[in-house]
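First up is the structure itself, then whatever we jot down about it.
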Amino acid sequence: RQRYVEKDGKCNVQHGNVRETYRYLTDIFTTLVDLKWRFSLLIFILAYALTWLFFGLIWWVIAYSRGDLEHLGDHSWTPCVNNLNGFVSAFLFSIETETTIGYGHRVITDTCPEGIVLLLLQAILGSMVNAFMVGCMFVKISQPNKRAETLVFSSHAVVSLRDDRLCLMFRVGDLRDSHIVEASIRAKLIQSKQTQEGEFIPLDQTDLSVGFETGDDRLFLVSPLIISHEIDERSPFWDVSRGQLERDDFEIVVILEGMVE
């Protein structure tokens, strides 16, 4: 059976015919975070490599335009950058500048105002690239996808009497010692529906009450808990027989929210 939400929590929905794709670029940070790891790593590498190459080319152009490359070995000539003798050394100097390595072999002199301005620009832009890319990678690494692997739901939900009331029940538990605080749980019934006017809604969402009125939806998830939905007059299962329940095509999505302590 094709599911709306997979067992691992991934939504089995693909967006198609999206014409205004420029909207993704208006929030480039979230777009980079949502990319797959291989694309994120590729953009991470390209962001640094292209920046180093761009500024390395400018350092080489400055040295070429000032005639530093024509006076290699001339100790009476003061170049813009000492020991810069070609594009490769300009590229290495660009890396040393942006990453603040500072080997000391190649160093800028005080007789090159354009080089000083370029040094300031590269230092500022390099800090911005570091903040953006490192922040993006940190957010991507700290996403709670793997934390959800230690949240365990029961394999089956059961309908049974509890305190003389018919209830739909399932269990949830946390395997880690670091507890989830402010945990709350919700349940949605995903089912096709036809309205009284004849409109067909393929994926209609209906709330299943799991204790919102009594506060039982806010969990103290230290030990495994049984989550219960009472099948009363307000429940979408009130008019459903046991045989119809086994034949109907529907899905119950459980959403557990909280913060790691």
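The values are calculated or read from the model by the stated rules, or taken from the named source; none is laboratory data. All values derive from a computational prediction rather than experimental measurement. Neighbour counts are summed over all protein chains in view; Cβ atoms, including those assigned to glycine, are modelled from backbone coordinates with ideal geometry. The protein model used for the area step is the full one, side chains on, heavy atoms only, and it has no ligands, DNA or RNA in it. Shrake-Rupley method; radii C 1.70, N 1.55, O 1.52, S 1.80 Å.
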Checklist entry - When you scan the stretch 137-195, how many residues do you find that are over 31 Å from the mean Cα position of the chain (by Cα) and of a type in the set (Asp, Glu)? => result 2
Checklist outcome for this item: Of the candidates Gly56, Gly67, the one satisfying the condition of being at positive phi and either exposed (fewer than 15 other Cβ atoms within 10 Å of the Cβ) or not β-branched (Val, Ile, Thr) (or both) is Gly67
Next on the checklist: Out of everything in the stretch 126-148 that is of a type in the set (D, E, K, R) and in contact (Cβ under 8 Å) with a residue 40 or more places away in the chain, what residue ends up being least open to solvent (accessible area, probe 1.4 Å)?
Outcome noted: Lys140
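Please find, within the stretch 216-235, the residue that is farthest from Gly173 (Cα to Cα) out of those that are surrounded by fewer than 16 Cβ atoms within 10 Å (Cβ to Cβ) and either in contact with a His (Cβ under 9 Å, 6 or more places away or on another chain) or not basic (Lys, Arg) (or both).
So the residue we want is Glu233.
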Checklist outcome for this item: Of those in the stretch 238-261 that are farther than 26 Å from Asp8 by Cβ and not small (Gly, Ala, Ser), the residue least open to solvent (accessible area, probe 1.4 Å) is Val240
